[in-house]
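The values are calculated or read from the model by the stated rules, or taken from the named source; none is laboratory data. Since this is a predicted model, take the numbers as computed values, not measurements. Methodologically, a virtual Cβ is constructed for each residue, glycine included, from the backbone with ideal geometry; neighbour enumeration extends over all protein chains shown.
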Amino acid sequence: MALIAENLERVREQIAQAAAKVGRAVDEIELVAISKTHDAAKVREAIEAGQTLFGESRVQEARVKIPELPSNLRWHFVGHLQKNKIRHALPLFELTHSVDSLALAQDINRIAEEDGLHPRVLLEVNVAGEGSKFGFQPDKLRAEMESLLALPRLSILGLMTIPPIAEEAEASRKYFVQLRELRARVQTEFHVDLAQLSMGMTQDFAIAVEEGATLVRVGTAIFGERSKPRQE
């Protein structure tokens, strides 16, 4: 138990230091503890250390885990959302970080309308243009933004990105800057408020905070190396 509590304290301290370094208030940044592949017992240890916001990336795993835990917890979905999992996912999560195409957004909107829901989402942007990653290309996001904003059931709260894997945390900075600058352009061009920037994980969350992240997604630095994932 002490280990997860100590890890959480260390991560929170690093967030606070990064915020102070650039003159940000620490309460502008929320820590999403990524609990994917970790069992409910480990999540309970984090709860005892004061953590209430968690992130999952597999709908099947979340459907089993979330009911085992206190109902006052907050859950975000951070993985690639498959079309056939949308209906199961929407009631479980207060925010989906990873809407990565107009087609997925349209499917979410349709199912939300059928089920009487109003999902809150972030748009995932592939700022580095990696072929192996999901997400809007920046130009495509701007081209499709009007169509996205026209979906009546969706509340688009901001943007999310996952930079390329790198040995040095500093290598992620340029991608975080690009996301922040893209957000500014989209807000101006479409007269929309995109307050949330979800960026930064275990290896680079401090850099993300320096560059304006409002949500950081940290798993390994809190829970340790992940267990072998279950198959969906």
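A count restricted to the stretch 101-130 and to residues that are under 13 Å from I156 (Cβ atoms), in contact with a Gly (Cβ under 9 Å, 6 or more places away or on another chain) and not hydrophobic (A, V, I, L, M, F, W, C) stands at 1.
Which of the residues belonging to the stretch 134-165 are assigned to a strand (DSSP E or B) and surrounded by 15 or more Cβ atoms within 10 Å (Cβ to Cβ)? Within the stretch 134-165, F136, I156, L157, G158, L159, M160 meet the criteria. Among the conditions (1) touching a Lys or Arg at 6+ places or on another chain (Cβ under 8 Å); (2) within 20 Å of V78 (Cα to Cα), V218 misses just one, which is (1).
Here L73 qualifies as modelled with pLDDT of 95 or more and in contact with a helix residue (DSSP H, G or I) (Cβ under 8 Å, 6 or more places away or on another chain). Within the stretch 1-60, the set of residues being buried (at least 18 other Cβ atoms within 10 Å of the Cβ), among the small types (G, A, S) and in a helix (DSSP H, G or I) comprises A18, A19, A46. Are any residues in the stretch 122-133 touching a Ser or Thr at 6+ places or on another chain (Cβ under 7 Å) and either β-branched (V, I, T) or part of a loop (DSSP other than H, G, I, E, B) (or both), and if so, which ones? Result: V125, V127. Pairing each residue of the stretch 116-130 that is more than 16 Å from Y175 (Cβ to Cβ) with any residue that is assigned to a strand (DSSP E or B) and at pLDDT below 95, provided the two are 6+ apart or on different chains, yields no C-beta distance under 6 Å.
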